[in-house]
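Below is one structure; the comments refer to it alone.
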Amino acid sequence: MKIAANTLARNAPCWCGSGKKFKKCHLGKEQSPPPIHENKTQTQGKSIYIKTEEQIDGIRKSSQLTKKLLDMVEERIAEGVTTNELDQWVHSETLANGAIPAPLNYGHGKGRRRVPFPKSICTSPNNVICHGIPNNQALQNGDILNVDITCILNGYFGDASRMFIIGDVPDKTRKLVEVTRECLNLGIEQIFPSNRLGDIGHAIQQHAEKHGYSVVRDFAGHGVGIEFHEAPQVLHYGQPGKGEMLRENMVFTIEPMINMGSHECRILGDGWTAVTADGELSAQWEHTLLVTESGVDILTA
Ligand code: MF3
Ligand code: CO
Ligand code: CO
(Lines give C-alpha, C1' and ligand atoms only; values in the text may rest on other atoms or scores of the structure.)
(Ligands and ions follow the chains in the order given, each with its own letter.)
Protein backbone atom coordinates (compact mmCIF):
# COMPACT_ATOMS: atom_id res chain seq x y z
CA MET A 1 0.00 0.00 0.00
CA LYS A 2 1.48 3.31 -1.08
CA ILE A 3 0.99 6.63 0.67
CA ALA A 4 1.32 9.94 -1.20
CA ALA A 5 4.26 12.26 -0.85
CA ASN A 6 4.99 14.49 2.07
CA THR A 7 7.71 17.11 2.06
CA LEU A 8 10.04 18.59 4.59
CA ALA A 9 8.47 21.36 6.71
CA ARG A 10 9.41 24.85 5.46
CA ASN A 11 11.16 25.74 8.70
CA ALA A 12 12.98 22.43 9.14
CA PRO A 13 16.76 22.41 8.68
CA CYS A 14 17.48 21.75 5.00
CA TRP A 15 18.32 18.16 4.12
CA CYS A 16 21.55 19.25 2.40
CA GLY A 17 23.23 20.04 5.73
CA SER A 18 23.70 23.76 5.01
CA GLY A 19 22.25 24.62 8.42
CA LYS A 20 19.78 26.97 6.72
CA LYS A 21 16.02 26.50 6.85
CA PHE A 22 14.60 24.38 4.04
CA LYS A 23 12.57 27.36 2.73
CA LYS A 24 15.75 29.49 2.48
CA CYS A 25 17.75 26.73 0.84
CA HIS A 26 16.49 23.89 -1.36
CA LEU A 27 12.71 24.57 -1.28
CA GLY A 28 11.58 25.01 -4.87
CA LYS A 29 14.81 23.41 -6.11
CA GLU A 30 15.41 19.71 -5.50
CA GLN A 31 13.06 18.81 -2.66
CA SER A 32 14.98 15.87 -1.29
CA PRO A 33 18.43 14.32 -1.35
CA PRO A 34 19.44 12.35 -4.42
CA PRO A 35 19.18 8.58 -3.87
CA ILE A 36 22.32 6.77 -2.77
CA HIS A 37 23.42 4.20 -5.30
CA GLU A 38 25.98 2.34 -3.22
CA ASN A 39 24.09 -0.11 -1.15
CA LYS A 40 25.09 1.12 2.26
CA THR A 41 25.25 4.31 4.25
CA GLN A 42 27.03 4.60 7.61
CA THR A 43 25.39 5.31 10.97
CA GLN A 44 27.24 5.13 14.27
CA GLY A 45 29.63 2.59 12.77
CA LYS A 46 26.78 0.33 11.56
CA SER A 47 25.75 0.12 7.94
CA ILE A 48 22.20 0.85 6.87
CA TYR A 49 21.48 -1.14 3.75
CA ILE A 50 19.99 0.74 0.84
CA LYS A 51 18.07 -2.09 -0.79
CA THR A 52 18.36 -2.99 -4.48
CA GLU A 53 15.26 -3.47 -6.64
CA GLU A 54 15.79 -7.24 -6.48
CA GLN A 55 16.00 -7.17 -2.67
CA ILE A 56 12.91 -4.96 -2.43
CA ASP A 57 11.02 -7.41 -4.57
CA GLY A 58 12.01 -10.26 -2.21
CA ILE A 59 11.18 -8.27 0.94
CA ARG A 60 7.81 -7.28 -0.54
CA LYS A 61 6.90 -10.93 -1.14
CA SER A 62 7.99 -11.96 2.34
CA SER A 63 6.06 -9.02 3.86
CA GLN A 64 2.94 -10.01 1.93
CA LEU A 65 3.20 -13.53 3.33
CA THR A 66 3.48 -12.05 6.84
CA LYS A 67 0.33 -10.02 6.16
CA LYS A 68 -1.48 -13.12 4.93
CA LEU A 69 -0.51 -15.04 8.08
CA LEU A 70 -1.81 -12.20 10.28
CA ASP A 71 -5.06 -12.26 8.28
CA MET A 72 -5.35 -15.98 9.04
CA VAL A 73 -4.83 -15.30 12.76
CA GLU A 74 -7.46 -12.56 12.59
CA GLU A 75 -9.99 -14.99 11.13
CA ARG A 76 -9.41 -17.77 13.63
CA ILE A 77 -8.60 -16.01 16.90
CA ALA A 78 -11.30 -16.30 19.58
CA GLU A 79 -11.95 -16.80 23.24
CA GLY A 80 -10.81 -20.31 24.23
CA VAL A 81 -8.01 -20.56 21.64
CA THR A 82 -4.53 -21.00 23.15
CA THR A 83 -1.52 -19.03 21.98
CA ASN A 84 0.18 -22.39 21.26
CA GLU A 85 -2.58 -23.10 18.74
CA LEU A 86 -1.95 -19.74 17.05
CA ASP A 87 1.75 -20.63 16.98
CA GLN A 88 1.11 -24.03 15.40
CA TRP A 89 -1.23 -22.61 12.75
CA VAL A 90 1.26 -19.94 11.74
CA HIS A 91 4.16 -22.36 11.88
CA SER A 92 2.60 -24.88 9.50
CA GLU A 93 1.14 -22.25 7.16
CA THR A 94 4.55 -20.54 6.94
CA LEU A 95 6.20 -23.82 5.89
CA ALA A 96 3.34 -24.56 3.49
CA ASN A 97 4.21 -21.26 1.76
CA GLY A 98 7.88 -22.23 1.38
CA ALA A 99 9.02 -19.89 4.15
CA ILE A 100 10.64 -20.15 7.61
CA PRO A 101 9.36 -18.54 10.83
CA ALA A 102 12.15 -16.12 11.81
CA PRO A 103 11.59 -16.16 15.61
CA LEU A 104 12.10 -19.94 15.97
CA ASN A 105 15.55 -20.43 17.58
CA TYR A 106 16.33 -16.76 17.05
CA GLY A 107 19.04 -15.27 19.25
CA HIS A 108 20.86 -18.53 19.82
CA GLY A 109 24.35 -17.78 21.11
CA LYS A 110 24.01 -14.07 20.34
CA GLY A 111 25.43 -11.64 22.89
CA ARG A 112 23.99 -11.95 26.36
CA ARG A 113 20.84 -13.50 25.00
CA ARG A 114 21.85 -17.13 25.12
CA VAL A 115 18.34 -18.62 25.17
CA PRO A 116 17.04 -19.20 21.65
CA PHE A 117 13.42 -18.09 21.18
CA PRO A 118 11.45 -21.36 21.45
CA LYS A 119 8.42 -20.66 19.22
CA SER A 120 7.50 -19.42 15.74
CA ILE A 121 5.57 -16.27 16.70
CA CYS A 122 5.48 -13.83 19.62
CA THR A 123 2.20 -13.57 21.54
CA SER A 124 2.04 -10.74 24.07
CA PRO A 125 -1.17 -10.47 26.12
CA ASN A 126 -2.33 -7.62 28.40
CA ASN A 127 0.65 -6.48 30.52
CA VAL A 128 3.20 -8.18 28.22
CA ILE A 129 4.99 -5.51 26.17
CA CYS A 130 6.61 -7.80 23.57
CA HIS A 131 8.41 -11.13 22.96
CA GLY A 132 5.78 -13.17 24.81
CA ILE A 133 6.15 -16.93 24.32
CA PRO A 134 3.09 -18.90 23.16
CA ASN A 135 1.74 -21.31 25.80
CA ASN A 136 -1.24 -23.51 26.63
CA GLN A 137 -3.32 -20.83 28.29
CA ALA A 138 -6.62 -20.14 26.55
CA LEU A 139 -7.50 -16.59 25.56
CA GLN A 140 -10.20 -15.15 27.78
CA ASN A 141 -12.98 -12.65 27.37
CA GLY A 142 -11.49 -9.21 28.06
CA ASP A 143 -7.92 -10.02 26.93
CA ILE A 144 -5.95 -7.95 24.47
CA LEU A 145 -3.20 -9.72 22.57
CA ASN A 146 -0.36 -8.70 20.25
CA VAL A 147 0.61 -11.30 17.65
CA ASP A 148 3.98 -10.59 16.02
CA ILE A 149 4.94 -12.56 12.91
CA THR A 150 8.15 -12.51 10.89
CA CYS A 151 8.77 -14.85 8.01
CA ILE A 152 11.83 -15.54 5.91
CA LEU A 153 10.93 -16.17 2.28
CA ASN A 154 13.79 -16.85 -0.17
CA GLY A 155 16.13 -15.31 2.41
CA TYR A 156 14.15 -12.07 2.84
CA PHE A 157 12.45 -10.94 6.07
CA GLY A 158 8.99 -9.35 6.51
CA ASP A 159 7.95 -8.31 10.04
CA ALA A 160 4.56 -7.10 11.31
CA SER A 161 2.26 -7.30 14.30
CA ARG A 162 -1.33 -6.47 15.21
CA MET A 163 -3.48 -6.24 18.32
CA PHE A 164 -6.50 -8.46 18.83
CA ILE A 165 -9.36 -7.79 21.22
CA ILE A 166 -11.03 -10.85 22.75
CA GLY A 167 -14.73 -10.41 23.50
CA ASP A 168 -15.80 -7.48 25.64
CA VAL A 169 -13.02 -5.12 26.55
CA PRO A 170 -13.53 -1.93 28.57
CA ASP A 171 -13.53 1.31 26.55
CA LYS A 172 -10.39 2.43 28.37
CA THR A 173 -8.49 -0.62 27.09
CA ARG A 174 -9.92 -0.33 23.59
CA LYS A 175 -8.68 3.26 23.52
CA LEU A 176 -5.11 2.19 24.34
CA VAL A 177 -5.21 -0.23 21.40
CA GLU A 178 -6.62 2.43 19.06
CA VAL A 179 -4.25 5.21 20.11
CA THR A 180 -1.28 2.84 19.65
CA ARG A 181 -2.46 2.11 16.12
CA GLU A 182 -2.73 5.86 15.49
CA CYS A 183 0.84 6.22 16.81
CA LEU A 184 2.05 3.76 14.16
CA ASN A 185 0.11 5.59 11.44
CA LEU A 186 1.43 9.00 12.51
CA GLY A 187 4.96 7.58 12.45
CA ILE A 188 4.37 6.24 8.93
CA GLU A 189 3.20 9.69 7.77
CA GLN A 190 6.65 11.04 8.63
CA ILE A 191 8.36 8.71 6.13
CA PHE A 192 9.70 10.45 3.02
CA PRO A 193 13.24 11.06 1.76
CA SER A 194 15.02 13.93 3.58
CA ASN A 195 12.91 13.58 6.75
CA ARG A 196 14.66 12.07 9.78
CA LEU A 197 14.18 9.25 12.26
CA GLY A 198 13.64 11.82 15.03
CA ASP A 199 10.57 13.12 13.19
CA ILE A 200 9.04 9.64 13.35
CA GLY A 201 9.83 9.21 17.06
CA HIS A 202 8.55 12.66 17.90
CA ALA A 203 5.20 12.18 16.15
CA ILE A 204 4.63 8.92 18.02
CA GLN A 205 5.70 10.26 21.41
CA GLN A 206 3.54 13.39 21.12
CA HIS A 207 0.43 11.41 20.35
CA ALA A 208 0.97 8.79 23.08
CA GLU A 209 1.76 11.35 25.77
CA LYS A 210 -1.16 13.56 24.75
CA HIS A 211 -3.39 10.67 25.83
CA GLY A 212 -1.50 10.18 29.10
CA TYR A 213 0.32 7.04 27.94
CA SER A 214 4.06 6.32 27.91
CA VAL A 215 6.38 5.12 25.15
CA VAL A 216 8.53 2.05 25.85
CA ARG A 217 12.20 2.93 25.44
CA ASP A 218 13.90 -0.42 25.87
CA PHE A 219 12.77 -1.75 22.47
CA ALA A 220 12.76 -0.07 19.06
CA GLY A 221 11.87 -0.53 15.43
CA HIS A 222 14.72 -1.60 13.17
CA GLY A 223 16.08 -1.95 9.68
CA VAL A 224 14.81 -5.23 8.25
CA GLY A 225 14.85 -7.31 5.08
CA ILE A 226 18.23 -8.90 4.55
CA GLU A 227 18.57 -9.70 8.24
CA PHE A 228 15.97 -9.80 11.04
CA HIS A 229 17.34 -6.80 12.92
CA GLU A 230 19.50 -4.38 10.93
CA ALA A 231 20.60 -0.78 11.52
CA PRO A 232 19.16 1.72 12.13
CA GLN A 233 17.30 1.56 15.43
CA VAL A 234 13.97 3.32 15.01
CA LEU A 235 13.16 4.89 18.37
CA HIS A 236 9.51 5.63 19.14
CA TYR A 237 10.38 8.89 20.87
CA GLY A 238 12.66 11.72 19.80
CA GLN A 239 13.13 15.21 18.53
CA PRO A 240 12.12 16.59 15.14
CA GLY A 241 14.98 17.15 12.71
CA LYS A 242 17.32 14.80 14.61
CA GLY A 243 18.66 11.36 13.81
CA GLU A 244 19.45 9.55 10.61
CA MET A 245 18.11 10.96 7.34
CA LEU A 246 15.62 8.78 5.46
CA ARG A 247 16.75 7.77 1.97
CA GLU A 248 14.91 6.14 -0.87
CA ASN A 249 15.03 2.32 -0.69
CA MET A 250 15.68 2.05 3.03
CA VAL A 251 13.44 -0.59 4.64
CA PHE A 252 12.65 -0.56 8.35
CA THR A 253 9.90 -1.28 10.85
CA ILE A 254 7.96 1.07 13.08
CA GLU A 255 6.51 -0.82 16.06
CA PRO A 256 5.52 1.45 18.92
CA MET A 257 4.93 -0.20 22.29
CA ILE A 258 2.67 2.10 24.32
CA ASN A 259 1.94 1.61 28.03
CA MET A 260 -1.10 2.70 30.01
CA GLY A 261 1.17 3.42 33.02
CA SER A 262 4.93 3.89 33.26
CA HIS A 263 7.33 2.99 30.43
CA GLU A 264 9.48 0.80 32.69
CA CYS A 265 9.76 -2.86 31.85
CA ARG A 266 11.09 -6.07 33.25
CA ILE A 267 12.19 -9.31 31.55
CA LEU A 268 10.84 -12.57 32.98
CA GLY A 269 13.01 -15.56 33.91
CA ASP A 270 12.43 -17.15 30.48
CA GLY A 271 14.89 -14.57 29.12
CA TRP A 272 12.39 -13.12 26.62
CA THR A 273 9.00 -12.00 27.92
CA ALA A 274 9.03 -8.23 28.50
CA VAL A 275 6.30 -7.07 30.90
CA THR A 276 5.32 -3.68 32.27
CA ALA A 277 7.01 -3.06 35.64
CA ASP A 278 3.75 -1.69 37.09
CA GLY A 279 1.54 -4.51 35.73
CA GLU A 280 -0.52 -2.10 33.58
CA LEU A 281 -1.59 -2.83 30.01
CA SER A 282 0.63 -2.38 26.94
CA ALA A 283 -0.19 -2.36 23.22
CA GLN A 284 1.85 -2.57 19.98
CA TRP A 285 1.31 -2.46 16.21
CA GLU A 286 4.05 -2.99 13.60
CA HIS A 287 4.60 -2.66 9.85
CA THR A 288 7.57 -3.18 7.52
CA LEU A 289 8.04 0.04 5.51
CA LEU A 290 9.87 1.02 2.33
CA VAL A 291 11.01 4.60 1.78
CA THR A 292 10.05 5.52 -1.78
CA GLU A 293 10.91 8.51 -3.93
CA SER A 294 7.51 10.01 -3.16
CA GLY A 295 6.92 8.84 0.41
CA VAL A 296 6.32 5.37 1.77
CA ASP A 297 5.14 1.95 0.76
CA ILE A 298 3.66 -0.16 3.57
CA LEU A 299 4.98 -3.58 2.58
CA THR A 300 2.97 -5.54 5.19
CA ALA A 301 -0.39 -3.87 4.38
N1 MF3 B 1 9.30 -9.60 15.61
C2 MF3 B 1 9.99 -8.94 16.70
C3 MF3 B 1 10.32 -7.55 16.20
O4 MF3 B 1 9.41 -6.88 15.80
C5 MF3 B 1 11.21 -9.65 17.15
C6 MF3 B 1 10.96 -10.95 17.76
S7 MF3 B 1 12.42 -11.65 18.21
C8 MF3 B 1 11.91 -13.11 18.87
O9 MF3 B 1 11.40 -7.10 16.09
F10 MF3 B 1 12.93 -13.85 18.97
F11 MF3 B 1 11.32 -12.85 20.03
F12 MF3 B 1 11.05 -13.64 18.07
CO1 CO C 1 10.25 -5.73 14.29
CO1 CO D 1 7.89 -7.96 14.83
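The values are calculated or read from the model by the stated rules, or taken from the named source; none is laboratory data. In this text the structure is predicted, and so the values were computed from the model without any measurement. Positions of Cβ are generated from backbone atoms using ideal geometry, with glycine treated the same way; all protein chains shown enter the neighbour counts. For the accessible areas, the whole protein counts, side chains as well, though only heavy atoms, and no ligand, DNA or RNA atoms are used. Shrake-Rupley method; radii C 1.70, N 1.55, O 1.52, S 1.80 Å.
Set Lys and Arg Cβ to +1 and Asp and Glu Cβ to -1, take the dipole of the chain about its Cα centre, and tell me which of V169, H37, M257 lies farthest positive. Value: H37. Spatial offset of region 11-26 relative to region 119-184 amounts to 40 Å, using the alpha carbon center of each. Shape annotation for region 47-298: C-alpha extents along the principal axes are 46, 44, 36 Å, from largest to smallest. Other residues lying with their Cβ under 14 Å from the Cβ of E264 contribute a combined charge of -1, Lys and Arg counting +1, Asp and Glu -1.
Charged neighbours of P118, selected by a Cβ distance under 10 Å, balance to -1 (K, R count +1; D, E count -1). Membrane-span-like helices in the chain (whole DSSP H runs, Cα extent of at least 24 Å along the helix axis, mean Kyte-Doolittle hydropathy of at least -1.0): 171-189. Charged neighbours of N135, selected by a Cβ distance under 11 Å, balance to -2 (K, R count +1; D, E count -1). Rounded to whole Å, the principal axis extents of the Cα atoms in region 162-242 read 42, 29, 23, largest first. Measuring nothing but alpha carbons in region 25-91 and taking Rh as the Kirkwood radius, the Rg to Rh ratio lands at 1.26. With contacts taken as Cα pairs under 8 Å and at least 6 residues apart, region 157-301 reaches a relative contact order of 30 percent.
Peptides 5-11, 149-155 ranked from most to least packed, by the mean per-residue count of other Cβ atoms within 10 Å: 149-155, 5-11. Multiplying the residue separation of Q31 and E54 by 0.36 nm and subtracting their alpha-carbon distance yields 5.6 nm.
Per residue, the solvent-accessible area of region 198-271 (1.4 Å probe, heavy atoms of protein chains only, all protein chains present) comes to 38 Å². Evaluate the relative contact order of the chain (contact order divided by residue number), counting alpha-carbon pairs under 8 angstrom at least 6 apart; express in whole percent. Dividing the mean separation by the residue count of the chain yields 22 percent. Its DSSP H runs of at least 4 residues, each contributing -39,500 (n - 2.57), put the calculated 222 nm mean residue ellipticity of the chain at -8000 deg cm²/dmol, to the nearest 500. If R₀ is 22 angstrom, what is the calculated FRET efficiency for the pair E75 and N135, using the beta carbon separation as r and rounding to 0.05? After rounding to 0.05, the efficiency reads 0.50. In this label model, K68 and E178 are separated by 3.3 nm, measuring between points 7 Å along each Cα→Cβ vector.
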